[in-house]
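Bear in mind that the values in this text are calculations on the coordinates, not laboratory data. Given the structure is predicted, the values throughout are model-derived calculations rather than measurements. Cβ: placed from backbone, ideal geometry, glycine included. Neighbour counts: every protein chain shown.
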Amino acid sequence: MALSLSLGVSGCSAVRLGYNHAPELSYWWLDSFLDFNETQTLKVRADLALLQDWHRAHELPLYVSTLEKMQRMAPSKLSPEQVCELFDELKPRLHALIDQAAPTVAVLAPTLTAEQLDHLARQLNKRGEKWREEWLEGTPTERSARRVKQLLEPAEMLYGQLEEPQLAVLRAAVAASAFDAATSYRESLRRHQDALQTLQRLQPGTLSEGSALAEVRALLGRAMDSPDASYRHYSEKITQENCRAFATLHNSATPAQQLKLIETLSGYVSDARALMAPRP
């Protein structure tokens with residue numbers, strides 16, 4: 001839901017299509033993990049629609065402001081600090097979205113059956129194994145190629161097709177990166193275990209409504225900001241690396257690529273403004 005609502009899809013028409021269908025897509029994604037019953041389905045669908053209404057009214061105007069700022073910055077050289085400032089500007093938007101969704105989770109959690117929690121555990125294990133296969137197995141060369149591809153796709157979404165100098169920037173960034181798949185995997189497992197343990201504590205008759213909401217907010221907070229100090233340090237290091245890599249990539253862009261970036265951002269602004277209109 002966060003990705004869809006944060007305009008995290010490529011192509012202007014795809015942004016509008018993805019955003020307008022975000023509640024439905026989010027429902028099916030969540031259902032794949034929890035296998036909702038009929039009563040839960042009605043509640044979750046209704047709450048996702050309300051969440052989108054809130055996001056249209058309160059969050060999209062803030063995204064427009066950030067996108068317009070990016071448009072103004074696009075023709076200029078960027079420093080890593082400027083890129084990180086943009087990242088920092090977007091973080092509160094994700095926090096606000098998660099905080100808005102927390103009451104729904106707090107109400108839903110006590111209705112989950114033991115079978116549904118078992119289903120969730122199996123799906124999280126499956127997800128973890130797939131990630132392990134992609135990022136911890138294979139040769140170092142294969143893993144590096146996957147990371148370059150991971151960076152290439154969003155870059156070309158913004159700038160159009162990259163040329164060899166920009167591809168060299170991405171390859172150099174991956175080669176010099178402190179990214180450690182094992183560290184990321186351990187944090188993923190911690191989040192999975194934390195979620196399952198918290199949902200177990202939220203079973204009927206264990207906590208008051210207010211305490212349940214506090215538990216959910218704490219869980220979501222730990223998902224956003226790990227309680228593991230070493231992981232937080234690692235994550236910050238990776239963020240700084242990404243800021244440097246993006247600034248270097250941007251500063252290597254050709255005039256045609258800069259124009260493509262400005263056009264792409266302009267399309268996102270138009271989409272966001274169009275999407276701000278309430279549902280009919």
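Between the alpha-carbon centres of segment 84-127 and segment 30-73 there is a gap of 12 Å.
For segment 2-275, relative contact order (Cα pairs under 8 Å, six or more residues apart, normalised by length) works out to 37 percent. Helix 181-201 and the longest principal axis of the Cα set of the chain meet at an angle near 30°. Here is how the number arises for the chain: DSSP H runs of 4 or more residues each give -39500 (n - 2.57), the sum is divided by the residue count, and the result at 222 nm is -27000 deg cm²/dmol. Using the alpha-carbon atoms, what tilt in degrees (0 to 90, nearest 10) does helix 80-108 show relative to the longest principal axis of the chain? Compared with the principal axis, the helix lies near 20 degrees. Out of every Cα-Cα pair in segment 90-195, what percent are more than 22 Å apart? Summing the P(r) of segment 90-195 above 22 Å gives 56 percent of all pairs. If you take the beta carbon distance between R222 and Q200 as r and set R0 to 22 Å, what does 1/(1 + (r/R0)^6) give as a FRET efficiency, to the nearest 0.05? The computed FRET efficiency comes out at 0.90. Taking a ≥ b ≥ c as the square roots of the eigenvalues of the Cα gyration tensor, segment 160-233 is prolate, since a/c reaches 1.5 or more and a/b is larger than b/c. Counting only alpha carbon atoms, the long axis of helix 22-34 and the longest principal axis of the chain meet at about 60°.
Let me make sure I get this right: for segment 212-280, a, b and c are the square roots of the gyration tensor eigenvalues over alpha carbons, sorted descending. Under 1.5 in a/c it's rounded, otherwise prolate if a/b > b/c, else oblate. Which is it? Oblate, since a/c reaches 1.5 and b/c is not below a/b.
One equal scatterer on each Cα of the chain, no solvent, Debye formula: the resulting log10 I(q)/I(0) at q = 0.15 Å⁻¹ is -1.36. Overall, the anisotropy analysis places segment 126-280 in the oblate class: the square-rooted eigenvalues a ≥ b ≥ c of its C-alpha gyration tensor yield a/c not less than 1.5, with a/b not exceeding b/c. Kirkwood's formula applied to the C-alpha pairs of segment 17-58 gives a hydrodynamic radius of 10.6 angstrom.
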